Structures are given as structure tokens and as C-alpha cells.
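Comments concern the structure below.
The values are calculated or read from the model by the stated rules, or taken from the named source; none is laboratory data. Since this is a predicted model, take the numbers as computed values, not measurements. Positions of Cβ are generated from backbone atoms using ideal geometry, with glycine treated the same way; all protein chains shown enter the neighbour counts. Protein only, heavy atoms only, side chains kept; ligands, DNA and RNA dropped before computing areas. Shrake-Rupley method; radii C 1.70, N 1.55, O 1.52, S 1.80 Å.
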Amino acid sequence: MAITNEYLQRVYAQAEKRDGDQPEFLQAVREVFETLGPVVEANPQYEANGILERFIEPERAVKFRVCWVDDEGKVQVNRGYRIQFNSAIGPYKGGLRFHPTVTESVVKFLGFEQILKNSLTTLPMGGGKGGSDFDPKGKSDAEVMRFCQAFMTELQRHIGQFTDVPAGDINVGAREIGYLFGQYKRIRDEFTGVLTGKGLEWGGSLARTEATGYGLCYYTAEALDKLRGDSFEGKTVAISGSGNVAIFATEKAQALGAKVVTASDSNGYIYDPNGIQLDVVKDIKLGHRGRIKEYADRVPGSEYHEGFTGVWTVPCDIALPCATQNEIDEESAKTLVKNGCTVVCEGANMPSTPEAIAVYQANGVLYGPAKAANAGGVAVSGLEMSQNSYRLSWTFEETDEKLHDIMKDIVASSLEAAEKYGKKGDLMAGANIAGFIKVADSMVAQGAY
């Protein structure tokens, strides 16, 4: 696809000039801009109000030094980031990622995607994202705690229950959220819903751990039903990753009648033709933070292969990438199609390259983009914020039902927007359009800021 509208071309060229060293961010912007031509042409007020120029520029970008002391008594230094991208429809909301690959470009692309994702949930949340190039892998609990305390000592200046509410992302789970919340509370002397993904005993929500993976499957099931009259029943599913998203996508896909045959981590992937034994994966990854290759040693008939991208060589009907950005390239996409895959819905953020997406579109693959398909996590984070405000807790069943309804509504609103603007059945275009219009109209109404 190409950017055909002159206004969109001009703004994208401006982004390239300013942010030419940020490839992930530019990739995210271009993917959205390629679908907005009909919207911009039908709404001249967007150009008159400079909406796109403002839409791609964060309201605030914070970068800071994080100094912490390791177990040997040596001072270590990492970089911390918080991008507060857009608050037109609510306080900034988005996760924190701790991983060596975290850069300003990565955080900006994630924050940009978060604007549209949060808009699609229909909950009052703006877009933001943050993190650090700190790698928790191989660190002791004490080292992780000291890093989190140092990170929050700076971050607390910029966040708040009605300002910016971070959550978890890659390598930021229950342990890290606990350390971060404890430090915030210690410094600010207040107990508020400033973070989501908290423990159940201190303000967390039931179903939050499962939300992204469950929501991914609810979205996929709804898209299959509405576009194909089909379901998960009897399908073979390939899933990448082995963190919370992958684990609970596997759990829900199996509950919906599918056979999930793969899981992976940064070293390699496992293939179990008999179907993944989820209790083993949970023990390895949630029980003692082990490596996925342990699975092959424990489950007869399964295989372990080095190289995590090889997971996409496994024949499947449905692919659910749940690991990291750009994990499916053009070659992997072609292999998926050749091996019979007809559905790709994204649990990770931007896991498909533009070339991979072109392969999906050229071959009639049902493609659910991350900003829509993996919105379940932030949706339940938003529900956690509501529960914190009310000082109450909903049951697992209540929260799961609300999540299911939100994911069905995202499919419906995406298909409605796509049809209105001449892209019938295009879930990617529909998600971009539906998410954008709500934010853009709010920005017009609030004036220049």
C-alpha cells in the first residue's frame, strides 16, 4: 500500500525528516497513514486543525537516567523512558517494557499504537508507553527490586491516577509492578490506582493476567464468525511466545476447541503435534522462569528447535504471534500461507512487518492487527482503574464478560468503519479508522494545545 493523500504525504515526510533515526515509530505511523486517505478527504477540518501533525507528535517525552546497585555493590546505569503521547480522550495509559531492545523509537511506536488501541476499547484512556533497556533476565529478585525502586523514583514525578497510569508489558509482571507500586506509595504517601496489573490484595483486578491472551481469542473468534462463519473448533493453531499473552491465548484457544501446537522464547521454539500441555509451560515459565526447551525434555513426542522465528514454519490454520515486534517477516508470512494458514491475529505489538502484511492481504488471509486484537489487556487495565475509583472488585466472571463484550465491539466497530470508508471486510483499515476518528474529533473539539 502507499500513502496517496497529499496532506498525509506531507505530514509523513515531516515525520521522516524529524525522526529518521526511529524506524519502528515510522513503520507504525506509515501503516496507519496508508489507511486514512478516505477519512482525511471526507473530514477537511482535520487538516485545518493540524490534527495529523499533532497526532504523530507526543505531548510529552521523558527520558531519564536510572542508577541502581547490583549484588556485587557496583553501580549500574540504564535509560528510562515515558512517552505521554495523547490525552484527548483520557489520562495517558500504556505499559512499561524492560528489555535490552527498548529505545526511544520502540517506546514511541508502542505509544502511538496505544492511542488507537485505547480508543477502540471505548474506555476513557489516552495513549502512552514507557520502559527501560534494563534486562531482568539473570538478575536476582533483590537486583530487580533495586532497579524498580530507582526507576520509579524518577517516574513518579510524571504519573498519577488522573494523569498517567502505567501497566506491565514485556518483562514487567506481577513482581515488577509490586516493587514499582511500593516505591510510588513510599515516596508519595498515597494509595491510588496509579498502576494497573496490581496484586489482587492491593487493588488489582481479576482476569487482568489472562486478559490479553483471552481477548486475542475472543477477537479472533468474533472475526472468524462475522467474516467466515467459522470458529476455532478443530483448528490447528501456532502461537509464538511463552509469556502471559501466549500462555492465556493457548488456554482460551484450547477451551474453544483448537489444538495449539507451538510455544517459543528468545532462544527457540517447541512443537508438540499432540497439542501443548499447558500445565508444563506454566510450570516452566510462571513457576521458575525457565527456558522453553525444558518442555521437550519433559513431554515425550515433542520437539525443540533453536531459533524462535522457526515457529512460523509449522503448518497451522491460525497463527497468533504473541512474542515481539516484527517477528513475522515476508518469508515467514509466505511460509505460513504455503502451509495452509488462513488467519493471523496479533497478540504482540506490531509483530508483522509491512511486507508480511502485504502477503496476508495478497492471499486473502484474515488479518487482525495488534491495536485491535490485543486490546484486551489495556481494556481490563481500564476496568481495573474503574474498580479502583469505586473501591470495589468485580468477580472473574463479571470482568471476563465485560472483556468479551469489548472485544466483540472492537470487531464490530472496525468492520463498520471499514465499510463506511470503502474498505469492506478490512479489519486493519477499520481499526485504524475507528480508533483515529474518535481521537481526532476530540482534538478538534478541544482546540489547539
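Couple of notes before you dig in:
- Verdict on V245 being modelled with pLDDT of 95 or more, open to solvent by less than 40 Å² (accessible area, probe 1.4 Å) and in contact with an Asp or Glu (Cβ under 8 Å, 6 or more places away or on another chain): no
- Residues (open to solvent by less than 60 Å² (accessible area, probe 1.4 Å) and of a type outside the set (A, V, I, L, M)) located in segment 288-310: G290, E294, Y295, G301, S302, Y304, G307, G310
- Single unsatisfied condition, T313 versus (1) surrounded by 15 or more Cβ atoms within 10 Å (Cβ to Cβ); (2) touching a strand residue (DSSP E or B) at 6+ places or on another chain (Cβ under 6 Å): (2)
- In segment 251-262, of all residues being farther than 14 Å from N274 by Cβ, open to solvent by less than 40 Å² (accessible area, probe 1.4 Å) and free of Cβ contacts under 8 Å to residues at least 60 places away in the same chain, the one that is farthest from the chain's Cα centre (by Cα) corresponds to G257.
- Residue, farthest from K371 (Cα to Cα), within segment 113-131, restricted to residues that are open to solvent by less than 10 Å² (accessible area, probe 1.4 Å) and assigned to a loop (DSSP other than H, G, I, E, B): M125
- Candidates Q9, Q27, Q22, Q84: the one that is open to solvent by 50 Å² or more (accessible area, probe 1.4 Å) and at pLDDT 95 or above is Q9.
- If the condition is being within 30 Å of G138 (Cα to Cα), at pLDDT 95 or above, more than 18 Å from the chain's Cα centre (by Cα) and polar (S, T, N, Q), then segment 263-277 contributes only Q277.
Per-residue answers, yes or no, for (1) open to solvent by 10 Å² or more (accessible area, probe 1.4 Å); (2) acidic (D, E); (3) in contact with a Cys (Cβ under 9 Å, 6 or more places away or on another chain); (4) farther than 30 Å from V343 by Cα:
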residue: M145; (1), (2), (3), (4): yes, no, no, yes
residue: A150; (1), (2), (3), (4): yes, no, yes, yes
residue: L155; (1), (2), (3), (4): no, no, no, yes
residue: R188; (1), (2), (3), (4): yes, no, no, yes
residue: G199; (1), (2), (3), (4): yes, no, no, yes
residue: C217; (1), (2), (3), (4): no, no, yes, no
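- Taken together, the criteria exclude G229 from residues that are open to solvent by less than 60 Å² (accessible area, probe 1.4 Å) and farther than 29 Å from K137 by Cα.
- Residue in segment 89-96 that is more than 16 Å from the chain's Cα centre (by Cα) and either of a type in the set (D, E) or assigned by the TED database to the domain that holds D441 (or both) present: no
- Index of the failed condition, H99 passing every other in (1) surrounded by fewer than 24 Cβ atoms within 10 Å (Cβ to Cβ); (2) closer than 30 Å to L415 by Cα: (2)
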